[in-house]
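The structure under discussion appears below in the form of structure tokens.
Bear in mind these aren't lab numbers, they're just calculated from the coordinates by the rules spelled out. In this text, all values refer to a predicted model and were calculated from it rather than measured experimentally. So basically every Cβ, Gly included, is an ideal-geometry build from the backbone, and we count neighbours across all protein chains shown.
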């Protein structure tokens with residue numbers, strides 16, 4: 001037989017409530033207000049994936065990765081955690097179609113977008129060879145346009161069109177994809193083919209950082 005006991009707030013003398021299944025009833029309380037004049041520990045974050053890290057090195061993925069794959073990434077920071085809520089992908093070229101990669105023939109190996117947690121790799125997009133496969137692998141989110149121009153910005157720059165994809169990663173990982181400070185975690189895009197024939201390509205992330 002159990003011992004009759006209770007959890008009591010020492011200030012208000014309120015007692016905790018136990019449900020019929022024996023579970024303790026709890027509620028999520030809002031975070032306390034920051035001290036007046038103090039800087040917020042949550043800050044907006046956005047960055048292009050670069051071959052040297054976030055906004056670092058070459059951020060344009062118009063390269064030849066057919067001999068040696070080229071990785072573009074956002075990695076861990078030293079002093080804060082990064083939370084990625086959205087991932088934007090743009091492939092710009094003249095005559096963009098869904099059955100090609102931009103305006104060039106389908107890739108031989110394919111383009112990757114993946115998450116590395118320090119031990120193993122999880123693919124968001126695995127070996128996409130055409131713009132249509134990038135769209136499909138990303139989940140068909142936020143469509144716009146009409147039939148053959150769906151997910152396409154026409155006349156993006158001059159006569160160049162662009163396939164554009166937005167992945168709301170927060171819909172899969174509550175709060176966003178976390179890249180913990182001082183870890184080996186990273187979000188990566190890997191070019192495994194010759195992209196030199198397309199006009200423009202980049203991946204950009206949006207989210208926030210936590211500094212405490």
Margin query: I'm checking a number: the convex hull volume of the Cα atoms of the range 123-180, normalised per residue, in Å³. What is it?
Written below: 114 Å³
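Counting helices only, and only those DSSP H runs with n ≥ 4, report the 222 nm mean residue ellipticity of the chain as the sum of -39,500 (n - 2.57) divided by its residues, in deg cm²/dmol to the nearest 500.
It lands at -1000 deg cm²/dmol.
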Next item on the list: With a bin width of 10 angstrom, please list the P(r) values of the chain as percents of all Cα-Cα pairs, from the 0 bin to the one holding the largest distance.
Entry: 8, 28, 26, 16, 10, 7, 4, 1
Notebook entry, point to check: How far apart, in nm, are the 7 Å Cα→Cβ label points at residue 142 and residue 42?
Noted result: 2.0 nm
Notebook entry, point to check: In the calculated pair distance distribution of the range 96-212, what percentage of Cα-Cα distances lie above 25 Å?
Noted result: 29 percent
